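Below is one structure, written out as structure tokens, with a few remarks after it.
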Amino acid sequence: MKNIFLGFLILLLAYQSRSQDINSSQFYSIPSNINPAFTGFINNDYYVAASYKNQWSSVSDPYQTVGATAQLSLLKNKRPSSIIGTGLDIVHDRAGATHFNTTSLSLSFSYLQVLDKKYNHILGFGIQNGLNLRKFDLSKATFGNQFNGYDGFDPNINPLENGLNTKQVDYNLAIGTVYSYAPKAHTNLYVGFSAFNLIRPNVSFYDGQENRLYRRFAAMLGGEVVLKGTWSMLPSALFQKQGPNMEIMFGTFARYGVMGNRSERFAVNFGLWYRYMDAIIPALKMEYKGLNITVNYDINVSKLTKVSRFNGTGEISFSYTGLLFKEHKKPIKPIFCPSMAF
């Protein structure tokens, strides 16, 4: 009976999450996945990052997601009041027993303009073009008519799923805008809005049928404020809406910079987030020069706790940012960018 209930619950979750984009608790580690306007919005010249997520290992076959990005921030040496950002994002996700794979390759561009002489206010726009490949292993799937009536499913029975394809490719388009106020280092405020899946691609695997991907709308707000000494807070909030599905997530990092010889040698961040009606998410982030390492774990507090036993998702990300151009090592007037993963 327990196995029947578990299987029904997993099928229900899959049904409710149909036509949804890939999701991450570390939305700040690759922010261009939330808003393409954040592409290249960095203090340095380049930013590279990689992430890994393992989800629901206590409930079913683990859902595993890996992601990576490589971004450049250009034109700072030619036009100090403008930034052009460009980046390549790759995300690969494998879900469930049928090894349902989604691979996304996205190319993003952004234009960021300084609005005042003190370089405190910045307004930016971004666009993202992507290709998505989805596929699954039909040999690992079971269908209702394959149940033999007494001891399980017989894979030798024809499932009679005519017109079913195991692969499909679609094009996607997203846009976003961001506003940032950053008068000095470790003091900033940012707010961004974005829209994904603008052309609503058909993601059905059946010939002649439609299953349009819902548009995803996202709003993100955050910043950093100095408390005392080298302590600061980095609160952030994320709201996303995609069809009937909605996500509200908020929390903060408490950052402590470790000093040596009157300069910051490295920093440690203690974080806690809450995803509404789903999970409590403690996080830890270490910074050393341009290198950041962040780990978090989702403690499930939803109705799924009956089978998840409060286990949820573990994530880890690595990022590095640095300089490419000599002109930027001692800029006449630095541009301070949002405090996220950078």
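Miscellaneous remarks
- If the condition is being buried (at least 23 other Cβ atoms within 10 Å of the Cβ) and modelled with pLDDT of 95 or more, then region 41-50 contributes Tyr47, Ala49.
- Residues in region 205-239 that are under 21 Å from Thr177 (Cβ atoms) and of a type in the set (Asp, Glu): Glu224 only.
- Checking each residue in region 93-147 for being among the basic types (Lys, Arg) and out of contact with any His (no Cβ under 8 Å at 6 or more places or on another chain) picks out Arg94, Lys117, Lys118, Arg134, Lys135.
- Residue match in region 196-204 (condition: more than 19 Å from Gln242 (Cα to Cα), of a type outside the set (Gly, Ala, Ser) and surrounded by 14 or more Cβ atoms within 10 Å (Cβ to Cβ)): no
- Being farther than 30 Å from Ile83 by Cα and at pLDDT below 95 holds for only one residue in Leu324, Leu304, and it is Leu304.
- Of the residues making up region 136-168, those that are farther than 30 Å from Ala37 by Cα and not in a loop (DSSP other than H, G, I, E, B) are Leu138, Ser139, Lys140, Gly144, Asn145, Gln146, Phe147, Phe153, Leu164, Lys167.
- Condition met for Gly163 (under 20 Å from the mean Cα position of the chain (by Cα) and either on the phi > 0 side of the Ramachandran plot or modelled with pLDDT of 95 or more (or both)): no
- From the options Leu131, Leu105, residue that is touching a Phe, Trp or Tyr at 6+ places or on another chain (Cβ under 7 Å), modelled with pLDDT of 95 or more and either part of a strand (DSSP E or B) or not acidic (Asp, Glu) (or both): Leu131
- Leu234 meets each of the listed conditions (1) assigned to a strand (DSSP E or B); (2) of a type in the set (A, V, I, L, M); (3) surrounded by fewer than 15 Cβ atoms within 10 Å (Cβ to Cβ) apart from (3).
- Restricted to region 216-231, and to residues there that are part of a strand (DSSP E or B) and not aliphatic (A, V, I, L, M), the residue that is modelled with the lowest pLDDT is Lys228.
- Per the conditions (1) under 21 Å from Asn23 (Cβ atoms); (2) in a strand (DSSP E or B), the sole criterion not satisfied by Val268 is (1).
- Verdict on Tyr171 being within 21 Å of Ile83 (Cα to Cα) and either part of a strand (DSSP E or B) or not hydroxyl-bearing (Ser, Thr, Tyr) (or both): no
- Test: Lys241 is closer than 21 Å to Thr187 by Cβ and in a strand (DSSP E or B): no
- Selection status of Glu224, surrounded by 16 or more Cβ atoms within 10 Å (Cβ to Cβ), on the phi < 0 side of the Ramachandran plot, of a type in the set (Asp, Glu) and more than 17 Å from the chain's Cα centre (by Cα): yes
- Scope region 80-102; condition in contact with a strand residue (DSSP E or B) (Cβ under 6 Å, 6 or more places away or on another chain) and either hydroxyl-bearing (Ser, Thr, Tyr) or not in a strand (DSSP E or B) (or both); matching residues: Ser81, Ser82, Thr86, Thr102
- Some residue of region 193-215 being without any contact (Cβ under 8 Å) to a residue 24 or more places away in the chain, over 30 Å from Gly163 (Cα atoms) and either out of contact with any helix residue (DSSP H, G or I) (no Cβ under 9 Å at 6 or more places or on another chain) or assigned to a strand (DSSP E or B) (or both): yes
- When Ala185 is tested against the conditions (1) surrounded by fewer than 17 Cβ atoms within 10 Å (Cβ to Cβ); (2) at pLDDT 95 or above; (3) touching a Pro at 6+ places or on another chain (Cβ under 9 Å), the lone failure is (2).
The values are calculated or read from the model by the stated rules, or taken from the named source; none is laboratory data. Because the structure is predicted, anything quoted here is derived from the model rather than measured. With ideal geometry, Cβ positions are generated from the backbone for all residues, glycine too; neighbour counts draw on all protein chains shown.
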